[in-house]
Each structure stands twice: as C-alpha cells, then as structure tokens.
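Asker: Just passing along the structure, written as structure tokens.
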Amino acid sequence: MFKKKPQIKPAAPLRSSDRRKLADQIIQDYQLSAPQPEDSTPEQKAEATTAHTNLRNSLLPDNVQSARFTTTYGPQLKQVSGTVYIGGPNGEEARILWWQIDGIMYPSVYTLWRHPDIVALLHTPEFVIKKLQGGADLMTPGLAGGPPFPARAKKGAVVAVASLERPSVPVAVGVCEIDVSALQKVQGVRGHAVETLHWAGDELWSYSTSDRPGRQAPEEIEGWRRGFEERELAEKVGETRLEDEDDEGGVRLDQVNNSNGEHVGSGDLKDAGMNGETPEQADVNELSQDEIDNAFRKAFLYGVYHHKTTQPSAPNHGLVFPLTQSIVMSALIQPFLPAFTPEQSNQLQMKKTSWKNIKKFIKTLDKQKLLRSKEQNGHETVILDVDFSDKAFVNFKPYPLPKKETMAGTSLGRGEKATERIDTGDDAVGQKLQVLSYYKPTTKLQPLFESAGRQLFTPPEVRELLNGLDPTLGNAVFDGSGSLDKEVLTKGTVPRDALIDRVLHAMTPSYAIVRNGADPGAVKAKSGAPPKVHITLETRSGNKTVTKVSGLEAYYINTKPLADELRKTCAGSTSVDPLAGATKKNEKEIMEVMVQGPQKDAVVKALERRGVQARWVEVLDKTKGKKK
C-alpha cells in the first residue's frame, strides 16, 4: 500500500478528547485490556483506571498529530484515502504510529516494536520477507512455525509478520485473507494467506517530520520472542501422540492414574496432581503469598527512597501530603514493582496480596511506624506523613527495575532487552554550554572600533580598546547633561570603570550560546541580553502546586526528554505545551514543561545535567508572591 510515496497533508495536533476516544477504540478492537470484575473494590478500580490511562498514553502519546493522506492500492491502483497518526513517545523523533482507513486502525512497525503481542505474529523465511518488502502478499506455502498457528490469525484479522532468522522482530503488517489459525497444513495448499499492507522500508516507515531516514529494526524484542517460544513449545507438545495406547510409552489423557492407582478423567487432572496446567502455564514460576507481599512492601520503600535521593532538599522530598490511596499506588508502588513480564505483572497485583487492598496495606505500614495515616471521608485512608529517617528507608538497597519507555511498558510485554534496543537518549544530557555577551558600537562610537575590523566585541575587548579619552569619545559618550559629564569634559579624564560602564551602556548588546566547545565565530549572535530559563511555581485548583519550565530551546534542550525524566524523577505527571502568548507569527513555537508539585530542585538538577548553570535560571514562586 505504501510502496509509492503517499500524499500526506500537513499534520495538526489531535484534541485530547479525540485522542482518548481513538485510544479506547484501539484497546477495544485489539482487546488489549482485561475486563474489570463487577465486585472490584475502589482501590482495584483506581488501579485499573491508572493502568488504562497509561495504556492510552502508550498507544497514542499526548503529542500525537493527525494528517489526511491519499495513495493508490492494489493491481488496479485504486485510490484510497485515510488518516495517519504521527507521534514520538518520550520525546523521540515523530514517526507514523498508526494509520486509519474505513474506520479500521492499523499499527505501523514502530508501534509493533514498542507493543509486543498486540496482534498475532506469523513467520516466514527471510527470502520471503524480501519479497514482502517489495509489495508481494504472503502465500499460504510461505507460512512457517506451524501448524498450530496463532488463534488470533483469523480471516480479516490484522497480523504482523517476522522472519525465522529474527522471529521476535515484526517487519510487516497485513490482513489475513483466510483463517490461518484453522490450517492443518501449508505444504501443497495454494492461495494468499496474508495481504501485505505495510513493511519496514516502505514510504510510511520512512516518513519523518525532520527528513531523517527510517529507524532500523531492533535485533530482538523480548515480548515477541517469548510468545514465539511458547508457540514452539505448544507445537512440540502437539507432536507428542499421547492419545495412542498402542504406542510404546503412550498414555491417554482420559486414563491418567492418580496417586492411589485409580483411573481419573481428563477433567480430574487436578486431583491427579497435575493441577490442570497447560505446558505454557507450567513454565511460569508462581509467586508465593509471602513473595507478593514482600514485593509490594519493597516497592513502597523504593518509592520513598527514590524521592529521598532525587529530591534531597525539597520539602518532604517532593511528596505533597496528604497522599491518597490512588497516588500511593500509581506513584510510589506500581513504578517500583519488579514486573519484567506480563506474567509477573499479572501476579503482582494488590488483590493477590494478603492485604487484598491498598487501604489495609497503608494501615499495616502505619502500625510498623513507617508512616502516619488517617481515615478520610469514611472510606479512604490517606498518608499524612512519612518517617523518612526510619532505618527501613535509610538502609534500603535499590534493586533492578524494568526499563520502560512508558508506564504501561511491563503490562505490554516489554522486558529489559527490548527497551535496550530502542534509543530514548537525550543528547542534551552532558552537554557543555558557554554564554557569551557581545556589544556592537553605535554610529557615534563606530570610529573608535573601525581599526578592529569587526562589529561585535566582548566587555574585556572594549576595555582594552579604550586606552584614553579623545574628543570623539567625549562627544559620543558624555553629552554634558550630568555633573559627571561636565567634570569629565572639563578635566579631559574619567575613572576607567565609569568609562567602561558608560560605553557599554551606549552600545547595542547581543549574545551567543556556544555548545560543546564549538568555534564562537561560527555561532551567529542574537540581539538582546542572554535569555534566562524560567522556572515558575504556581497554585492550581486551590491547593495544588505545579512547576513550569520555559526558555529551554535557546540552551539546546529538547522538552520531551526533559519532561519524561521529570516524570520519572518526581513520580508525577508532566506535560509539554506551547507557552501561551510567547510565539509571534512566523517564529518557532516556544514550549513549556509542566510537572506536578513543587519540583524546583528537581528541575534545577535536571538542567545542570544539561549544562545550564544556576545563574542562567530565574525562579518565580507565585505561591509566595515573590521572586527568588
């Protein structure tokens, strides 16, 4: 479909309400969330709501834009129109994540690389992949790795295709033309199996708002690899003929002996000591009750420890009391659970602990003197204070956590290996900056600087050039309006510092910000005084404090990676939006990062990591009404 370059119109931001509806449609169409039990507790509902929101943001980031496109398709070159959705999770370069035709949402390979197992994955040899990347469809004899094939690969279903050489990396997206899951064999069967719509290497893959080439596929993606291995295991088990009594060593499942030597049916496997486990389930190590309890307790300790170490000088280390149950779960527990796989995520749930809900969990921590809590509104327990000096926090030893690009990373099957393959770096971290101030002579002062042969001078250079007072300098700088002017014109001399100040004041200021030791002469100077990075603390919704950061572009800082770092550091939500009223017509948009809570220290620390010195930062605390 995208072998030839489609006509894509200019992109426009997607409204938040439309983005949520579209994300919910994707979740429903691809069955990405489990149904919530009717008897769920308020804590479980809050936990499910948080997970659902994170999943939404993972599928369609808040910076996503939409654009209409037109292309030709099929042997008849039929013209089709649709919509592409362009975004870059966590500040990454914007790419096409989804496209929509006739109301159906199709994921791009970039989305598949970030979200394992959202569609069925089929396999074929590498030489067939090369034909698919030329626009060919996948024929039935080209299917590999089965039967059995994935149960979701039914007629009309969206599927992904990978090569046998790299079975965990989808490189093509298509739609099943037959019920692949029902195939009993592929050799000798003719016809099309999958209609290829998009692949790594086509024009949709290569589309970029910055004209950069398409991103290369990772070598391995953990979530997809695990699914392929489970299928291989199921296939091997399926090849074992347990139903034939006459084969040597064969045993029929409906005639298994229990521990007493009695025959039991296949429905009584649990009594036979097999617990009714499938081979896939038997391969997963079940956590004990104590292990699940310990994981939640350690996660809470880790959450508090994280705030202590990342915001040592902030009031309450960045925690804003009282902490509600939902905040405790979403900010202090869930991000610190050691859930590297979907199976572990499924086991590490509050309802599976001995406390069953977050309310009892908080009360237990209160009894252990780790915190102070109280009942609020008759049904919720909130945390009023945390004993940061308790040895449980002081002596806490951090443990490895899954590397997640999004809060929904673990639930979507991405383990550590998968995230290591994806570049989420920020090239501003570690940069060295130098702010240079220049001054340009006015028309009256120009004769004094003509010998230098240039227009811009630093303050030390101005001082060196002004060795004496001559009539030209006197007429240009001292007009006789003040007592100092009259004294200078009478004596013909002036204190050097007063002279330098007066000359610099009469010149036009400009500046240049030099990055990583670049040649200052190669950096174009801009008029005016050097800009400041502005940090503003203000109150919203009565008593909630937010921290805003703007003016980052001049210091080569990308707002998206900074917002992502602050979200993790401060364990709170962040957003990036255009700074209201700051952008003039035909000028580049100025962005503002907002993070929940009084996070000045965390922001300053993040700026220092990006080479911004404290003297280039201006802090305005509107919660107190005074400038710092």
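Read-outs: derived from the displayed coordinates by stated rules, not from any lab. Treat the numbers as computed from the prediction; the structure is a model and nothing was measured. Here the Cβ is made from the backbone with ideal geometry for all residues, glycine too, and neighbour counts use every protein chain on show.
Asker: Can you put 317, 534, 123 in order, fewest other beta carbons within 10 Å first?
Answerer: 534, 317, 123
Asker: Dipole magnitude of region 1-75 about its Cα centre, charges +1 at Lys/Arg Cβ and -1 at Asp/Glu Cβ only, in debye to the nearest 20?
Answerer: I would put it at about 880 debye.
Asker: For a footprinting-style exposure proxy, rank 576, 320 by other Cβ within 10 Å, fewest first.
Answerer: Sorted ascending by nearby Cβ count, the order is 320, 576.
Asker: Okay, moving on. Sorting 128, 186, 173 on the 10 Å Cβ count, fewest up front, what's the list?
Answerer: 186, 128, 173
Asker: Just want the answer: with Cβ charges of +1 for Lys and Arg and -1 for Asp and Glu, which residue in 32, 73, 49 is farthest toward the dipole's positive end in region 19-99?
Answerer: With unit charges placed on the Cβ atoms, the residue in question is 73.
Asker: If you filter region 424-465 for trypsin sites (Lys or Arg not before Pro), then keep DSSP loop positions with at most 15 other Cβ within 10 Å, what is left?
Answerer: Here the trypsin sites (Lys or Arg not before Pro) that fit, given the DSSP loop and packing criteria, are 432, 444, 454.
Asker: Pick out, in residue order, every one of the trypsin sites (Lys or Arg not before Pro) in region 14-110 that is DSSP loop and has at most 13 other C-beta atoms within 10 Å; say none if there are none.
Answerer: 15
Asker: Distance check, please: which entries in 360/544; 588/622; 524/548; 21/360; 360/397 exceed 31 angstrom between their Cα atoms?
Answerer: From the list (360/544; 588/622; 524/548; 21/360; 360/397), the Cα-Cα distance tops 31 Å for 21/360.
Asker: Once the piece of chain linking residue 623 and residue 41 is laid out straight, how much longer is it, given 0.36 nm per residue of separation minus the C-alpha distance between them?
Answerer: 205.8 nm
Asker: Mind checking region 588-628 for GluC sites (Glu not before Pro) that DSSP puts in a loop (not H, G, I, E or B) and that have at most 10 other Cβ atoms within 10 Å?
Answerer: Of the GluC sites (Glu not before Pro), the ones in loops of region 588-628 whose Cβ has at most 10 other Cβ atoms within 10 Å are 589.
Asker: Obtain the nm distance between the two label points defined at residue 287 and residue 529 by a simple spin-label model: each point lies 7 Å from its Cα along the Cα-to-C-beta direction.
Answerer: Label-label distance for residue 287 and residue 529, simple model: 5.5 nm.
Asker: Can I ask one more? With label points built 7 Å along Cα→Cβ from the Cα atoms of residue 387 and residue 12, find their separation and express it in nm.
Answerer: 5.8
Asker: Once you've got the Cα coordinates, tell me which of 3/154; 356/391; 298/367; 432/532; 363/600 are over 20 Å apart.
Answerer: Where the Cα-Cα span goes over 20 Å, the pairs concerned are 3/154; 356/391; 363/600.
Asker: Rank by packing, highest mean first: peptides 525-532, 155-162, with packing defined as the count of other Cβ atoms within 10 Å averaged across residues.
Answerer: The densest-packed peptide leads the list: 155-162, 525-532.
Asker: Decide, for region 533-627, between rounded, prolate and oblate: order the square roots of the alpha carbon gyration tensor eigenvalues as a ≥ b ≥ c, take rounded if a/c falls under 1.5, and otherwise choose prolate if a/b is larger than b/c, else oblate.
Answerer: Rounded, because the longest to shortest axis ratio a/c is under 1.5.
Asker: Based on the Cβ-Cβ distance from residue 210 to residue 165, what FRET efficiency comes out when R0 is 30 Å, to the nearest 0.05?
Answerer: Plugging the Cβ-Cβ distance into 1/(1 + (r/R0)^6) gives 0.45.
Asker: Sticking with this structure for a sec: Could you give the length gained on full extension between residue 366 and residue 294, defined as 0.36 nm per residue of separation minus the Cα-Cα distance, in nm?
Answerer: Full-extension gain reported as 24.3 nm.
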